[in-house]
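S.K.: Sending over a structure as structure tokens; questions will come in a sec.
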Amino acid sequence: MSASKVQTSIVGRILFSVVTQMLRLRAVLRHFSPWVLVVPAIAIASTMGSLYGYFWPVGQPSLLLPITTALAATSFMTAATCWVLRGDLFHRWLIYLTGCFWYQAIDFSGSKLGAAIALSILICYALAKFEVLRPYLQNRLVVSLLVASLLCQCLPMLMTSEVWSWGVRVGLWPYRVNSAMMLAGRLMLLMTIVASEVLSRTGKLSSEVTRSAADVSPFHPSQSVAGAARPSARKAA
């Protein structure tokens with residue numbers, strides 16, 4: 001095979017993989033309920049001007065950091081406990097995700113870029129294991145809480161100085177917004193873990209698990225096909 005054909009084959013495989021992952025991401029987002037975006041909207045609005053004192057009675061935004069760190073640690077321990085009890089891939093993936101946010105909470109300034117890279121890898125890994133995680137990624141409650149949690153915790157990483165300067169003009173202070181968004185995101189991440197475990201134990205995901213298992217099970221011929229095969233075999237003998 002010539003070098004040009006090899007390169008064309010490699011590019012074709014890469015494009016096919018990218019298209020497949022995009023279709024899987026679209027399938028996940030189709031189960032996202034926009035109503036959960038009310039939570040980050042309220043978290044941002046609560047930091048405007050004098051409203052901050054009514055919504056966050058703790059005073060300084062720095063006082064919220066220990067709470068966000070404790071939530072990240074609690075989410076990590078909860079995901080690890082669920083994985084020990086069930087041993088499924090979804091909760092093992094949640095261990096990686098919560099561990100990333102826990103490390104970010106401990107040392108946010110030094111792990112901003114590292115957390116962004118780790119989150120990208122984890123999202124690609126979840127999409128690559130889409131068939132295994134399908135029962136969870138097609139549940140509207142789990143997907144809605146998870147996507148909203150990721151938005152709350154990732155949006156502050158993407159804010160530029162121009163965006164923050166505009167926010168200050170309308171009464172949005174960066175440190176307050178970061179604290180509120182991180183707290184809301186960590187809380188919804190913990191709710192995602194608890195909801196996934198409750199849904200698994202109550203059998204709410206059983207029908208989707210059965211369908212996924214049927215997709216990967218080997219083909220068994222029906223009785224009619226098997227019955228039709230027997231006379232033909234005897235005739236051939």
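The values are calculated or read from the model by the stated rules, or taken from the named source; none is laboratory data. Note that the coordinates shown come from a computational prediction; the quantities given were computed from them, not determined experimentally. When the accessible area is computed, the model is the full protein with side chains, heavy atoms only, and any ligands, DNA or RNA have been set aside. Shrake-Rupley method; radii C 1.70, N 1.55, O 1.52, S 1.80 Å.
S.K.: If eta is 1.567 mPa s and T is 4 °C, what Stokes-Einstein diffusion coefficient results for segment 65-155, Kirkwood Rh from Cα pairs, in µm²/s? The partial results should precede the final answer.
M.R.: On the way: Rh = 13.7 Å.
Estimated diffusion coefficient is 95 µm²/s.
S.K.: Taking just the C-alpha trace of segment 36-203, give me its Rg and Dmax in Å.
M.R.: 16.4, 50
S.K.: With every protein chain left in place, what is the accessible area of Leu158 in Å² (1.4 Å probe, nearest 10)?
M.R.: The accessible area comes out at roughly 130 Å².
S.K.: Skip the ligands, DNA and RNA, and give the accessible area per residue of segment 36-203 with a 1.4 Å probe, whole Å². Spell out each step's value before the answer.
M.R.: Details: 8040 Å² over 168 residues.
Solvent-accessible surface per residue comes out at 48 Å².
S.K.: How large, in percent, is the carbon and sulfur part of the accessible surface of segment 36-203 at a probe radius of 1.4 Å?
M.R.: Numbers: 5890 of 8040 Å².
Summing carbon and sulfur atoms, their accessible area is 73 percent of the total for segment 36-203.
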